[in-house]
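Taken together, the values in this text are just the output of simple stated rules run on the coordinates, not laboratory data. None of these values were measured; they are calculated from a predicted model. When we count neighbours, we look across all protein chains shown, and the Cβ atoms used for this are built from the backbone with ideal geometry, even at glycine.
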Amino acid sequence: MTEINLQDWAGRSSTEEDIASPTSAARLATLLEQDVTSSTEPATLFPVGHWLHFAEDDVPMSELGTDGHVKLGGFMPPVGLPRRMWAGSKLQFHAPILAGQKLSRTTTIESITEKTGGSGSLCFVVLRHEVSADGNLATTDRHTIVYREATSAPEGSSAAPARADSPAPEGWDWVRSVRPNEVTLFRYSALTFNSHRIHYDHPYVTGVEGYPGLVTHGPLTATLLLDAFMRNHPEATVATYDFRAKSPLFANEQIHLVGRSTGANTHELEAIGPDGQTAIAATVTTTES
Ligand SMILES: C/C(=C\C(=O)SCCNC(=O)CCNC(=O)[C@H](O)C(C)(C)COP(=O)(O)OP(=O)(O)OC[C@H]1O[C@@H](n2cnc3c(N)ncnc32)[C@H](O)[C@@H]1OP(=O)(O)O)C(=O)O
């Protein structure tokens, strides 16, 4: 039998087309509870608005795996670890995307790295996405996906309620507290056509993947964090956004979104969950201060 070499998948590339959707842009604004004024100008997508496009799970049901994502072994390497998570992203915003523009995204598998972490075997797959709008490079997104080993013992009780709130942290320039619930998670899954069961299937996420509740999407938390930054810096143009997902958050948990300036155009942000634990650590750079 031929042994599979995951490195054979490195360097593979695929290009998808889409149209920047005004409906998706408006729905994200609704999800973020933004105060949107009507305008005759084409709407500018939120900086990470490309996440609402090129739906990765837009395939027939027969092509989905147990977790609801596309089965591995096609474009994505057949990593033998079943629990997928969003580990982080490094984003560069070259130009805004306007609703109605023709989008093209070229995705290249940049690296596949197996590691052992405190929680067991891990495999990190880095995807480099280059998104163009009407032929011009708009966003570069280096997205890290992590696959974790199966769990025999649940990481928390399936009956566990949301973890207790923590007081708002001190020492930051601004704090915005949010509490995504099942409806928020459903809306984000629908908006992105992400069919990963960990975000909506309670028996699956607790019984199979061993988490104590529905997992809040990493990109949703990262979007809420960037939105909180932009509310506090309405004059700023975001040039880069790097974040690492350090620990999971679950539906109904309070999240403190915080930020502080670390230089003229650099800012440190965090999404802090119960017990004061950092769920996402991020850096934003801007072209205006
Ligand atoms: C959408 C969507 C899915 C989701 O949204 S899932 C929800 C969002 N994601 C998360 O909640 C992930 C939160 N992170 C974790 O749970 C842990 O960080 C993780 C990934 C399980 C790793 O924890 P470990 O304790 O096992 O790992 P260590 O801290 O011991 O680190 C071991 C090595 O791995 C490197 N590493 C750890 N985390 C990351 C990361 N986020 N990004 C990149 N690299 C990471 C760490 O640096 C260590 O490397 P060394 O070279 O130093 O050994 C959807 O599926 O679509």
Asserting the computed 222 nm helical MRE of the chain (DSSP H runs at least 4 long, -39500 (n - 2.57) per run, divided by residue count, to nearest 500) equals -4500 deg cm²/dmol
For T107, the net charge from surrounding residues (Cβ-Cβ under 15 Å; K, R +1; D, E -1) works out to -4
Among chymotrypsin sites (Phe, Trp or Tyr not before Pro) in the stretch 50-127, those in a DSSP loop whose Cβ has at most 14 other Cβ atoms within 10 Å are F75
Once Lys and Arg are counted +1 and Asp and Glu -1 for all other residues with Cβ under 12 Å from that of D201, the total becomes -2
Taking every C-alpha to C-alpha distance in the stretch 8-288 and binning by 5 Å from 0, the per-bin percentages run 1, 5, 12, 16, 20, 18, 14, 9, 4, 1, 0, 0
Taking 0.36 nm per residue of separation between K115 and N181 and subtracting their Cα-Cα distance, the length gained on full extension comes to 20.5 nm
Most packed first (mean Cβ within 10 Å per residue), the peptides 14-25, 57-68 order as 14-25, 57-68
